[in-house]
Amino acid sequence: MDRYEPLKIEEKWQKIWEETEAFSAKEIDGMPKMMLAEMFPYPSGAGLHVGHVRNFTIVDVLTRFYRQQGLNVLRPFGYDTFGLPAENYAIKTGTAPQEITKVNIDNFRKQAKKLGFAIDWSREVNTSDPEYYKWTQWCFLQLYKKGLAYQKESYQWWCPEDQTVLANEQVENGKCWRCGHEVEKKKMKQWFFKITEYADELLDEIDNLEWPEKIKTMQKNWIGRSAGAEIDFKADNGKNITVFTTRPDTIKGATFIVLAPEYQGLDFIVTDDCKDAVMKYKADALKKSEVERQENKEKTGVFTGSYAVNPATKEKIPIWVADYVLAGYGTGAIMAVPAMDDRDREFAEKFDLPIVETELVDRDLYGTPKVTYKMRDWLISRQRYWGCPIPIAYDKEGNPHPIPEDQLPVIIPEVEDYQPDNSGRSALAKAKDWLKVTIDGEEMTRETDTLDGYACSSWYLWRYASPHDNKAAWDSEAIKYWEPVDYYVGADHAVAHLLYIRFWCKFFADQGYLPFREPIKRLLYNGYINAPDGKKMSKSKGNVIDPLDVINDGYGADTLRTYEMFIGPYDMDAAWDPRSVGGVYRFLNRCYNLLGDIKEVDNIIIRNKTIKKVTEDIHKYNFNTAVAALMEYVNELYKVGASSEDLVTLAKLLKPFAPHLASEMLEKLDADDEWPKWDEKYLVSDTVTVVVQINGKLRAKLEVSADDLEDEKKIMDMVLSDRKVQKYTEDGIKKQIFVKKAKLVNLVV
RNA sequence: GGCCGGAUGGCGGAAUUGGUAUACGCGUUCGACUUAAAAUCGAAUGGAGCAAUCCGUACGGGUUCAAGUCCCGUUCCGGCUACCA
């Protein structure tokens with residue numbers, strides 16, 4: 001018998017899978033389908049890391065598991081290629097992003113193939129391929145036609161380092177998510193998607209999804225729906241101030257009003273006496289960076305000099321301005337109820353404003369019911385070169401016009417210099433010829449903003465259904481067969497991407513393009529893999545484990561895959577342990593070596609037990625304990641010997657984790673890979689162990705026949721006549737408990 | 001500050017959902033094979049104790065015949081969120 005040589009075996013099977021196009025999927029009428037995908041990667045120059053491997057292997061285990069069960073399985077793959085790293089690289093080196101992207105994709109593909117993933121390679125999708133982004137632009141135009149893509153002048157987060165606008169979720173602690181530079185507010189005309197139109201549906205349908213509760217909660221909080229009321233307060237000068245509150249029932253305790261510094265109409269409220277102070281406060285507030293606002297929570301504010309009437313108490317209450325009230329939420333004005341609200345109380349105490357205990361009134365008495373959301377519309381324009389061009393052009397008056405669909409794609413022009421200028425325009429503005437476009441005989445100028453990368457990834461799962469379709473973004477028949485996606489696996493984008501794709505799904509369903517309203521049935525959110533020291537892997541710390549090194553060191557892809565499934569619960573972070581990798585390698589080695597010594601033995605009980613355990617564990621995504629069960633099985637086979645049926649079963653169960661080794665074993669055993677079934681009748685053994693506890697502590701174990709378990713009296717007789725048990729029960733027994741299900745007797749003495 | 005997770009041997013982690021705590025792997029120790037080492041195979045391995053036994057799932061209480069699991073309180077660690085009225 002030859003020895004286990006993973007690299008040799010893996011090369012052999014990868015070649016076979018490639019040549020036979022083993023994983024290409026086709027729609028087959030009447031055959032149950034299963035579609036799985038990972039969140040497609042950004043192909044960085046560094047290649048695959050161990051986190052990708054964990055993510056992709058989870059998908060692969062499920063893919064192969066369901067294939068072996070006879071389902072028609074689609075497992076595609078793609079690349080999320082627009083983005084800043086490629087553009088920054090271009091700025092630095094002058095290399096076109098198109099070129100470096102191609103190099104990186106080729107590298108990623110090569111590496112993914114070395115891992116033996118059951119991918120349908122004919123369905124690769126790449127967001128920066130004009131054949132792809134043509135349809136991203138088409139999607140934009142559909143949203144534009146329905147008024148859900150619109151322009152608005154507003155203050156936006158601006159990163160002075162990357163020279164681009166950022167979306168709310170791309171600002172972390174007041175800093176740019178990519179370069180860490182402090183962001184500032186800049187007033188610009190920007191494109192938005194009207195995601196708020198779907199706020200209610202996005203929220204209400206969350207509970208129907210088989211997604212981790214954590215993610216569902218985060219999305220709910222992000223949408224942030226609160227039901228309350230708008231209430232009008234009449235000011236001295238006759239002006240109305242409408243406040244939003246979730247507690248209209250506490251209105252009798254409202255002892256002052258607070259306006260946001262940016263409140264529209266503030267000028268009309270402020271008295272002449274207070275004008276200077278208020279204007280100075282407002283100017284200071286606008287200057288304050290977000291970091292300062294977050295770090296300093298000490299309440300500040302100024303009195304406007306005006307009063308308004310509380311409609312419930314008819315009392316005159318002062319109107320203040322303070323930056324703890326946000327202009328962008330509700331009406332930018334609140335009624336302060338310091339007796340009920342901690343922030344209002346803090347403010348009242350600091351500025352010596354009255355705090356009045358309040359009795360509650362009927363919620364609808366003084367206001368009109370109103371629902372507000374924390375979620376804002378999705379800012380999608382980016383002043384970057386390496387993104388999908390927004391298919392819009394402007395006429396001489398500056399009015400936007402959609403590029404006609406038959407002129408798509410709007411291709412990214414080649415430029416000499418990728419550096420954006422500080423006018424807030426991308427390097428696209430430098431492509432003078434490209435800028436000119438004729439629509440309906442009229443000369444126009446193209447939009448130079450590109451789309452947020454999240455727009456490109458908001459529909460790629462549908463492209464997988466018909467990736468080469470040149471008549472439509474997706475084929476309606478293909479998508480009806482394959483989608484929605486059954487399993488989507490990732491470790492990031494809890495809110496952004498996973499909310500945007502739901503939004504687009506609902507929109508395109510409304511336009512009749514999709515036959516479902518939720519794109520992802522089940523979501524698995526896997527944990528990160530950290531360095532052996534428990535810290536995040538990073539190049540600068542020099543603690544990065546390269547998965548390709550693990551393979552090439554001689555362990556092979558099967559060990560790497562199986563180890564990453566064995567490392568711990570898939571949804572928890574885990575630390576890499578190089579020695580445990582060796583343990584998994586030993587296990588696979590032991591599997592292979594069993595082939596050399598096939599015996600005439602009957603292990604039907606443990607075999608059935610293992611089939612059941614592995615099958616159920618995979619259904620529950622307990623991949624780590626599934627591998628442990630296989631290890632136990634192998635340990636047992638080493639003790640008692642393995643029949644060829646044992647080895648066939650072992651190889652079939654092992655295949656989702658270690659497909660090359662399992663394929664090799666099955667070939668040598670001349671067997672197919674059909675997923676084995678267990679029979680419950682082999683799981684009930686003739687004898688069972690009855691545990692005897694005295695006062696809840698384990699004191700004895702009795703072997704009894706399984707039939708006796710039905711006869712409580714017989715069991716108790718056996719227990720009570722046991723010599724060891726009698727030692728504890730000399731002073732009599734107060735209570736006897738027999739638990740058949742647990743095969744357990746507890747005696748209270 | 002708010003919400004959500006965690007805390008189990010020397011280490012990573014199991015535990016049928018209230019019923020034999022520590023499966024599986026790593027590490028360690030011993031043995032077999034070998035001239036030797038590696039590899040491989042086998043055995044042992046929570047702590048204390050000669051023992052019978054006692055103590056053990058972050059800490060303090062509670063419920064129960066029985067608690068890692070349920071309840072109350074505390075500490076520490078991680079994630080998200082951050083003045084959202």
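The values are calculated or read from the model by the stated rules, or taken from the named source; none is laboratory data. As the structure is a computational prediction, the values presented were derived from the model and not from experiment. For neighbour counting, all protein chains shown are included, and Cβ atoms are generated from backbone atoms with ideal geometry for every residue, glycine included.
Taking region A:631-643 on its own, how many of its residues are more than 8 Å from RNA strand B (Cβ to nearest atom) and either under 21 Å from A:Arg561 (Cβ atoms) or in contact (Cβ under 8 Å) with a residue 40 or more places away in the chain (or both)? Outline the logic, then answer.
Our first condition is that a residue be more than 8 Å from RNA strand B (Cβ to nearest atom); within region A:631-643, this holds for A:633, A:636-637, A:640-643.
Applying the additional criterion that residues be either under 21 Å from A:Arg561 (Cβ atoms) or in contact (Cβ under 8 Å) with a residue 40 or more places away in the chain (or both) yields A:633, A:637, A:641-643.
So the answer is 5.
Counting residues that are of a type in the set (Phe, Trp, Tyr) and surrounded by fewer than 21 Cβ atoms within 10 Å (Cβ to Cβ), which helices (runs of 4 or more DSSP H) fully inside region A:490-595 reach at least 3? Even if it seems obvious, please write down each step before you answer.
On the way: elements: A:496-510, A:547-550, A:556-566, A:578-593.
Helices (runs of 4 or more DSSP H) meeting the threshold: none at all.
Identify all residues within region A:454-473 that are in contact with a Cys (Cβ under 8 Å, 6 or more places away or on another chain) and not in a loop (DSSP other than H, G, I, E, B); write none if there are none.
Of everything in region A:454-473, those that are in contact with a Cys (Cβ under 8 Å, 6 or more places away or on another chain) and not in a loop (DSSP other than H, G, I, E, B) turn out to be A:Ala455, A:Cys456.
All but one of (1) among the aromatic types (Phe, Trp, Tyr); (2) over 30 Å from A:Lys186 (Cβ atoms); (3) in contact with a Lys or Arg (Cβ under 9 Å, 6 or more places away or on another chain) hold for A:Trp378; state the number of the condition that does not hold.
The number of the failed condition is (2).
Which ranges mark the strands (runs of 3 or more DSSP E) fully within region A:298-370 that have 2 or more residues being more than 10 Å from RNA strand B (Cβ to nearest atom) and hydroxyl-bearing (Ser, Thr, Tyr)?
Correct list: A:302-309.
Only one residue in A:Ile251, A:Ile241 is assigned to a strand (DSSP E or B) and either modelled with pLDDT under 90 or within 13 Å of RNA strand B (Cβ to nearest atom) (or both), so which one is that?
Of A:Ile251, A:Ile241, the one residue that is assigned to a strand (DSSP E or B) and either modelled with pLDDT under 90 or within 13 Å of RNA strand B (Cβ to nearest atom) (or both) is A:Ile241.
Out of the residues in region A:425-449 that are among the small types (Gly, Ala, Ser) and crowded, with 19+ Cβ neighbours inside 10 Å, state the one that is farthest from the chain's Cα centre (by Cα).
Only one residue tops the list, namely A:Ala429.
Yes/no matrix, rows are residues, columns are (1) within 12 Å of RNA strand B (Cβ to nearest atom); (2) among the hydroxyl-bearing types (Ser, Thr, Tyr):
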residue	(1), (2)
A:Lys536	yes, no
A:Lys539	no, no
A:Asn543	no, no
A:Asp549	no, no
A:Gly554	yes, no
A:Tyr570	yes, yes
A:Ala574	yes, no
A:Asp577	yes, no
A:Gly583	yes, no
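Kindly provide the set of residues from region A:210-233 that are outside any helix (DSSP H, G or I) and either without any contact (Cβ under 8 Å) to a residue 12 or more places away in the chain or more than 17 Å from A:Arg522 (Cα to Cα) (or both), ordered by number.
Residues satisfying the conditions are A:Gly224, A:Arg225, A:Ser226, A:Ala227, A:Gly228, A:Ala229, A:Glu230, A:Ile231, A:Asp232, A:Phe233.
Of the conditions (1) in contact with a strand residue (DSSP E or B) (Cβ under 7 Å, 6 or more places away or on another chain); (2) modelled with pLDDT under 85; (3) within 13 Å of RNA strand B (Cβ to nearest atom), A:Ala229 clears all except one; give me its number.
(2)
Residues in region A:381-390: is at least one in contact with a strand residue (DSSP E or B) (Cβ under 7 Å, 6 or more places away or on another chain) and either among the polar types (S, T, N, Q) or under 30 Å from A:Trp320 (Cα atoms) (or both)?
yes
Within the bounds of region A:165-181, is there any residue that is under 30 Å from A:Asp469 (Cβ atoms) and loosely packed, with under 15 Cβ neighbours inside 10 Å?
There is no residue in region A:165-181 that is under 30 Å from A:Asp469 (Cβ atoms) and loosely packed, with under 15 Cβ neighbours inside 10 Å.
Quickly run through region A:474-484 and pick out the residues that are surrounded by fewer than 22 Cβ atoms within 10 Å (Cβ to Cβ) and either more than 20 Å from the chain's Cα centre (by Cα) or not in a loop (DSSP other than H, G, I, E, B) (or both).
A:Asp475, A:Ser476, A:Glu477, A:Ala478, A:Lys480, A:Tyr481
When both residues are 6+ apart or on different chains and their Cβ atoms are under 7 Å apart, which pairs have a first residue that lies in region A:727-749 and is under 19 Å from A:Leu709 (Cα atoms), and a second that is part of a loop (DSSP other than H, G, I, E, B)?
A:Asn746/A:Gly696; A:Leu747/A:Thr729; A:Leu747/A:Ile733
Which residue out of A:Lys282, A:Lys370, A:Lys314 is under 18 Å from A:Phe233 (Cα atoms) and touching a residue at least 24 places away in the same chain (Cβ under 8 Å)? Write out each step before concluding.
Working: A:Lys282 fails: under 18 Å from A:Phe233 (Cα atoms); A:Lys314 fails: touching a residue at least 24 places away in the same chain (Cβ under 8 Å).
Matching residue, one of A:Lys282, A:Lys370, A:Lys314: A:Lys370.
Can you pull out the residues in region A:615-632 that are in a helix (DSSP H, G or I) and within 15 Å of A:Tyr570 (Cβ to Cβ)?
The answer is A:Asp617, A:Ile618, A:His619, A:Phe623, A:Asn624, A:Thr625, A:Ala626, A:Val627, A:Ala628.
Please pick out the residue among A:Glu197, A:Glu201 that is part of a helix (DSSP H, G or I), away from RNA strand B (no atom under 16 Å from the Cβ) and surrounded by fewer than 17 Cβ atoms within 10 Å (Cβ to Cβ).
Among A:Glu197, A:Glu201, only A:Glu201 is part of a helix (DSSP H, G or I), away from RNA strand B (no atom under 16 Å from the Cβ) and surrounded by fewer than 17 Cβ atoms within 10 Å (Cβ to Cβ).
May I ask you to verify whether A:Ile611 is farther than 20 Å from A:Thr63 by Cβ and of a type in the set (A, V, I, L, M)?
The answer is no for A:Ile611.
Within region A:341-373, track down each residue that is closer than 30 Å to A:Glu197 by Cβ and crowded, with 16+ Cβ neighbours inside 10 Å.
Listed by number, the residues that qualify are A:Arg363, A:Tyr366, A:Gly367, A:Lys370, A:Thr372, A:Tyr373.
When you look at A:Arg561, is it within 6 Å of RNA strand B (Cβ to nearest atom) and under 30 Å from A:Val544 (Cα atoms), yes or no?
no
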